[in-house]
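The values are calculated or read from the model by the stated rules, or taken from the named source; none is laboratory data. Since we're looking at a predicted model, the values are computed, not measured. Here the Cβ positions follow ideal geometry from the backbone for every residue, glycine too, while neighbour counts run over all protein chains shown. For accessibility, only protein heavy atoms count, side chains too; no ligands or nucleic acids. Shrake-Rupley method; radii C 1.70, N 1.55, O 1.52, S 1.80 Å.
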Amino acid sequence: MKKHLITLVLLIATVILAKGQSTDPLVSSCLSSAGPGAKYLKDFRVQLGKTADAADFRYKAQMSLWKNTKYRFTMCNSEGSEGKLILSIKDDANKLVLSSYDQKTGKIYPYVDFICNRSGIYQISFDFTGGKQGSGVGVVSMVK
Amino acid sequence: MKGRLFIVITAITIAGFACRNSAGRGEGFIFPEADSVPLGESEKLSAEAIADIAKNISSPVEIANLLQMLDVPFSPEYLASSIDANKQTTAFEKALALGILGADLGYLNMYERTGTSIDILSSIRKLAEGIRVGQYFDFETIKRLSLNKSNLDSLLFLSIDSYTRIDQYLREDNRGQLSALMIIGVWTEAQYLATQVVKRYPDPILKDRIGEQKIILNDLIMLANPYCGKDTEFAALCKDLQKIKEKYRDVRITYTLGEPVSVEKDGGLIIEQTETSVVEMTDEQLSAIIDVTKEIRDRLISNN
């Protein structure tokens with residue numbers, strides 16, 4: 001019985017360690033779609049339920065962006081996602097700097113390159129089109 | 001027989017539980033019913049604010065990228081090679097050294113000096129295990145990618161992701177002080193790298209980047225503030241950060257206004273910001289920042 005208990009403890013430890021090291025496959029595939037020259041910086045895993053009030057983007061985070069750097073924001077969606085992941089970036093004065101969603105035409109850009117010329121802390125916001133439920137990832141990388 | 005049956009049933013239960021959890025991180029996401037904030041979530045707001053601050057601190061990879069852009073050659077003399085993971089005894093020392101070596105790893109990776117990063121990787125593993133976060137550092141895969149020299153994207157991703165997960169876990173595990181130390185270590189080493197390089201390559205773009213660190217210095221201090229009274233080690237570190245802040249006091253950052261310009265290309269969108277930030281920093285101010293950074297960083301790595 002003691003032998004079985006040791007086996008069980010080892011099994012539990014293996015599962016916990018494997019879980020600790022698992023990498024989200026969506027992040028990995030999104031990273032590949034960012035392009036060969038893109039150097040990974042960060043990712044934002046976004047999972048949201050549906051909302052009736054789609055006026056403001058719901059997932060918000062902050063990130064410092066630096067002058068003389070070209071950033072690429074790549075948006076990827078999980079297979080079962082109803083909405084498509086969209087991004088908007090505002091500066092510290094709450095001024096809209098970019099959006100991956102063109103409200104006039106309804107066009108959604110899968111990636112946005114941002115040539116930053118003003119260093120600062122920016123608000124990075126994500127949501128899904130039409131306030132739908134969705135799951136996706138936004139990968140930030142640097143490009144030449 | 002009974003014992004074996006018990007093992008098999010338990011193993012299936014554990015495996016099922018583990019698979020369900022990992023699916024939650026991946027494709028098989030179960031949508032929440034509503035986008036509500038669970039009870040008690042409001043109490044975590046300060047932790048979220050801390051997480052935001054942690055994300056704000058610029059990645060050492062960005063400094064290394066800038067150096068590459070400016071054609072600055074790689075130099076091993078900037079590395080904190082004197083850090084001996086075996087001689088870091090307290091959790092404070094281990095977390096700080098973990099951050100410092102993380103920045104060095106970013107520098108090595110960006111310059112694809114991955115063969116020489118194996119020693120640093122071993123130290124990082126030892127330090128991570130020393131503060132019980134070794135399971136988040138995927139040493140074997142990172143080592144394999146480093147030796148292969150073939151997949152920089154994956155190497156960068158795994159290295160940065162390992163650090164992100166260590167940081168996240170430390171905060172969730174109520175060891176925010178170690179997370180703060182790690183981040184301060186990363187920043188200090190990246191700042192050391194930039195300030196040492198600028199002495200030899202006084203490029204205005206690099207000077208600006210050093211001056212612009214004023215933007216996040218307050219965040220760094222805020223990250224350390226809750227722990228400044230914790231012990232003498234933290235108190236000394238907080239004083240060091242204040243010393244750096246003092247040297248930045250008269251550095252000015254101004255902004256010129258402008259509207260972003262957008263162009264569509266290959267199905268994507270390219271936005272160029274016309275608004276700019278301008279750093280006003282004298283040579284004396286820069287020199288004082290270089291000196292104080294070196295003094296502090298050298299002391300932080302001197303307990304070997």
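Sequence-ordered 3J(HN,Hα) estimates for region A:119-125 from the Karplus curve with 6.51, -1.76 and 1.60 and θ = phi - 60° stand at 5, x, 9, 10, 9, 9, 10 Hz, glycine and proline given as x. Figure note: A:F114, B:F74 ranked by solvent-accessible area, largest first, 1.4 Å probe, ligands and nucleic acids not counted: B:F74, A:F114. For the residue pairs A:K70/B:K247; B:K239/B:K294; A:K70/B:K265, alpha carbon separations beyond 23 Å are given by A:K70/B:K247. Roughly how large is the A-B contact in terms of buried accessible area, totalled over both chains, probe 1.4 Å, nearest 100 Å²? Its buried surface, counting both partners, is about 6000 Å². Rounded, prolate or oblate for region A:94-144? Axes are the square roots of the Cα gyration tensor eigenvalues, ordered a ≥ b ≥ c, and the cut-off for rounded is a/c under 1.5. Here region A:94-144 falls in the prolate category.
Ligands, DNA and RNA are left out, and with a 1.4 angstrom probe the accessible area of region B:107-155 is 45 Å² per residue. Extension gain for the segment B:A91 to B:K265, taken as residue separation times 0.36 nm less the Cα-Cα distance, is 57.7 nm to one decimal.
Of the GluC sites (Glu not before Pro) found in region B:154-254, none is in coil by DSSP with at most 16 other Cβ atoms within 10 Å of its Cβ.
For each pair in A:K50/A:K90; B:K94/B:K230; B:K55/B:K214; B:K207/B:K245; A:K95/A:K132; B:K214/B:K243, compute the distance between the two Cα atoms and list the pairs where it is over 19 Å. All intermediate terms of the calculation are to be shown ahead of the outcome.
Details: A:K50/A:K90 23 Å; B:K94/B:K230 17 Å; B:K55/B:K214 16 Å; B:K207/B:K245 17 Å; A:K95/A:K132 25 Å; B:K214/B:K243 13 Å.
Result: A:K50/A:K90; A:K95/A:K132 exceed 19 Å.
Modelled spin-label separation between A:E79 and B:R252, with each label point placed 7 Å from Cα along the Cα-to-Cβ direction: 5.9 nm.
One decimal place: the segment B:R144-B:C228 gains 26.3 nm when fully extended, by the rule 0.36 nm per residue minus the C-alpha distance. If I model a spin label at B:E280 and B:S302 as a point 7 Å from the Cα along the Cα→Cβ vector, what separation in nanometres do I get? The answer from the label model is 3.6 nm. Label positions at A:A55 and B:T164, each projected 7 Å from the Cα along the C-beta direction, are separated by 3.2 nm. Each part gets one Cα centre, and for region A:35-57 versus region B:183-244 those centres are 30 Å apart.
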